[in-house]
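Student: Pasting a structure below so you can have a look.
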Amino acid sequence: MRTLILSILFVVLASAADAAESPQVRQQLAKAITSTGDEQATIITTLADSGSALVRDVFNAWPRDGVFLYTDPQGTVIPVLLDSEKDSTDKAKATRIDTGEFLKDSTNTPIKFAASELKPVDTTSKLRKTIKNTLDLLALANPDPAQRISAVMKLGLAQKTANLGTLQARLGKETDKKVHKALEEAIALMQLKDPSSAVQVASIKKLASVNSISSLDLITKLTTDPQTDPTVLKAAQAATSSIKAYIQGVNFFGTIFRGLSLGSILLVVALGLSITFGLMGVINMAHGEIMVVGAYTVYIVQCIFGAGLELSPFRIPIKLPGLHLTGPAFECYFIVALPVAFLTAAIVGIALERTVIRFLYKRPLESLLATWGVSQVLQQLYRLIFGAANVQVNSPSWLSGNFTISDVIFGYNRVFVIGFAILIVIGTWLLLSKTPLGLLIRAVMQNRNMAACMGVRTERVNMLTFGFGSGLAGLAGAFLSQIGNVGPSLGQSYIVDCFMTVVLGGVGSIFGTVCSAVGIGVVDQSLQQLLLNPVMGKIIVLAGIILFLQWRPAGIFVTKSRSLEG
């Protein structure tokens, strides 16, 4: 493990050495390594203002025995780093910290060393503490604003007044608004320890004005300290109330967002079922396995964009060549995978309808048993083709990470599923209400015999409707591949939630499915926030749905349908 850590550090150090560093910084850094006592600590502390990446990397390597001393034939002690590239004898070139050049012998040939042949620079607990403090201060000059904010808040919460001057000096230089705000907050956090009551009151008011959640514990501590000045106590109590109210607002909007995202996931996975079950009246227990078709399609497209894929279903080797794309070109695979997942799942659904479902219309019990059997067959088929273990689907970078608005965290994938669900609902509504196919679907679902008498090819409409519902299930599987594991049992995790959402909303009502999904998501997240127990929250939601269906068996929106009438 130590060797691995040092190797990683050496790669970083090598890249840092290549960068143009100030000769003065290099000389000062070398002097810090070779000096001792208070002089050494002073030089190390001085380097905190350098902003040098080399200083940061050397100080990270030093406590891990990654910096060495070499004594040349003239007796001069030279601090060096070993290069990351080693030869067959496990030796590497040594780079001088004071010049950035390789150590060379009399023939001007770079000298190679094994790590065991050089003496690591000694450290003490006091020296390591000094280096750590310097690294914290050095991070204030990091080019990444997020790293600077992290370093600033770390210093502020430490409340070491010795660093107050450094932060105040940095405040005048900082140009990034977010970092500037973090500096003001960190300075106020430090000033909570100021002996002057006036300064403490001013810092408390400042923290309250910026809604500093991280300062709540420190300010609350002042309200419980019997030695707190009355004016400070009054300000602290007001600030505590203000920040707690702000936290409640953050939790409220965070819960709403999480509820909407959960409701969107339920909507995406249940919308296809609302077509096949709600409109057509087919109890399709294989709906979850059709979702898995979409998820595995995303996996296959990802592999084709990458290094390719080798499968051996029924011991028949199949090799799909890869495009070996990288960077933004590779990350477009998910955009390509979405329509492919829809078409693949639709084809599987049409095949299911033509071979099984079409013989079982008006026979709900038989269709339930038959599709359950199909779901078992499909699960085994997935295991034979892809294996029993989950496959790895990597999210593109534009679906990873999050952004924050007023301390409410919005995950990119959650925002995407909300927008994705809205688009699917709008597309489904347009198809059913604004297109000739939608008109035929509604006619067949309302009265199949009458539609047939009017010349509508009902079997063809049934096939297309089932294919469309299955395609929506494939889109759901495509998105689920971005937020969870993809395996043969993925569909079983959602089939109960799908039926629960469709039944609660009202069988046959797309709008009811939308309301049901969003309602379940928001109530579930609200209960989890109140009870602080996700399992208990889900149990209460399920019990509430059962009781509601006892009172209103047709769901929230009752739809008069003749879908099973022949």
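Student: Given the criterion open to solvent by 50 Å² or more (accessible area, probe 1.4 Å), under 30 Å from PHE420 (Cβ atoms) and touching a strand residue (DSSP E or B) at 6+ places or on another chain (Cβ under 8 Å), identify the matching residue among PHE257, PHE253.
Tutor: So the residue among PHE257, PHE253 that is open to solvent by 50 Å² or more (accessible area, probe 1.4 Å), under 30 Å from PHE420 (Cβ atoms) and touching a strand residue (DSSP E or B) at 6+ places or on another chain (Cβ under 8 Å) is PHE253.
Student: Looking at the range 423-464 only, could you name the residues that are assigned to a loop (DSSP other than H, G, I, E, B) and within 43 Å of the chain's Cα centre (by Cα)?
Tutor: THR435 - this is the single residue of the range 423-464 that is assigned to a loop (DSSP other than H, G, I, E, B) and within 43 Å of the chain's Cα centre (by Cα).
Student: Condition first: over 31 Å from the mean Cα position of the chain (by Cα), without any contact (Cβ under 8 Å) to a residue 40 or more places away in the chain and open to solvent by 70 Å² or more (accessible area, probe 1.4 Å). Can you find one or more residues in the range 179-189 that meet it?
Tutor: No, every residue in the range 179-189 fails to be over 31 Å from the mean Cα position of the chain (by Cα), without any contact (Cβ under 8 Å) to a residue 40 or more places away in the chain and open to solvent by 70 Å² or more (accessible area, probe 1.4 Å).
Student: For LEU564, all conditions in the list (1) surrounded by fewer than 18 Cβ atoms within 10 Å (Cβ to Cβ); (2) over 23 Å from ALA473 (Cβ atoms); (3) modelled with pLDDT under 80 hold save one; what is the number of the exception?
Tutor: Among (1) surrounded by fewer than 18 Cβ atoms within 10 Å (Cβ to Cβ); (2) over 23 Å from ALA473 (Cβ atoms); (3) modelled with pLDDT under 80, the lone unmet condition for LEU564 is (2).
Student: Right, here's the next one. Just for the range 61-87: of the residues that are among the polar types (S, T, N, Q) and modelled with pLDDT of 80 or more, which one is most open to solvent (accessible area, probe 1.4 Å)?
Tutor: The qualifying residue most open to solvent (accessible area, probe 1.4 Å) is GLN74.
Student: Right, here's the next one. Identify, from the list GLY544, GLY521, GLY471, GLY477, the residue that is in a helix (DSSP H, G or I) and touching a Leu at 6+ places or on another chain (Cβ under 6 Å).
Tutor: After ruling out the rest, the residue left standing is GLY521.
Student: Hey, does the range 297-309 have a residue that's open to solvent by 50 Å² or more (accessible area, probe 1.4 Å), more than 21 Å from the chain's Cα centre (by Cα), over 30 Å from THR465 (Cα atoms) and without any contact (Cβ under 8 Å) to a residue 40 or more places away in the chain?
Tutor: Within the range 297-309 (the criterion being open to solvent by 50 Å² or more (accessible area, probe 1.4 Å), more than 21 Å from the chain's Cα centre (by Cα), over 30 Å from THR465 (Cα atoms) and without any contact (Cβ under 8 Å) to a residue 40 or more places away in the chain), the answer is yes, since at least one residue qualifies.
Student: Does the range 287-305 contain any residue that is outside any helix (DSSP H, G or I), out of contact with any strand residue (DSSP E or B) (no Cβ under 8 Å at 6 or more places or on another chain) and of a type in the set (A, V, I, L, M)?
Tutor: Looking through the range 287-305, none of the residues is outside any helix (DSSP H, G or I), out of contact with any strand residue (DSSP E or B) (no Cβ under 8 Å at 6 or more places or on another chain) and of a type in the set (A, V, I, L, M).
Student: Look through the range 88-102, keep the residues that are in contact (Cβ under 8 Å) with a residue 12 or more places away in the chain and of a type in the set (S, T, N, Q), and return whichever of them is surrounded by the most Cβ atoms within 10 Å (Cβ to Cβ).
Tutor: THR95
Student: Looking only at the range 233-282, which residues are part of a helix (DSSP H, G or I), among the β-branched types (Val, Ile, Thr) and either farther than 28 Å from GLY505 by Cβ or more than 21 Å from the chain's Cα centre (by Cα) (or both)?
Tutor: THR240, ILE243, ILE247, VAL250, ILE275, THR276 - these are the residues of the range 233-282 that are part of a helix (DSSP H, G or I), among the β-branched types (Val, Ile, Thr) and either farther than 28 Å from GLY505 by Cβ or more than 21 Å from the chain's Cα centre (by Cα) (or both).
Student: Something else about it: Six or more apart or on different chains, Cβ atoms under 6 Å: show the pairs whose first residue is in the range 367-394 and farther than 15 Å from PHE314 by Cα and of a type in the set (S, T, N, Q) and whose second is open to solvent by 80 Å² or more (accessible area, probe 1.4 Å) and not in a helix (DSSP H, G or I).
Tutor: Every condition considered, the pairs that remain are ASN390/ASN485.
The values are calculated or read from the model by the stated rules, or taken from the named source; none is laboratory data. Computed from a predicted model, the values in this text were never measured in an experiment. Glycine also receives a Cβ, built like all others from the backbone with ideal geometry; neighbour counts cover every protein chain displayed. Ligands, DNA and RNA are excluded from the accessible area calculation, which covers all protein heavy atoms including side chains. Shrake-Rupley method; radii C 1.70, N 1.55, O 1.52, S 1.80 Å.
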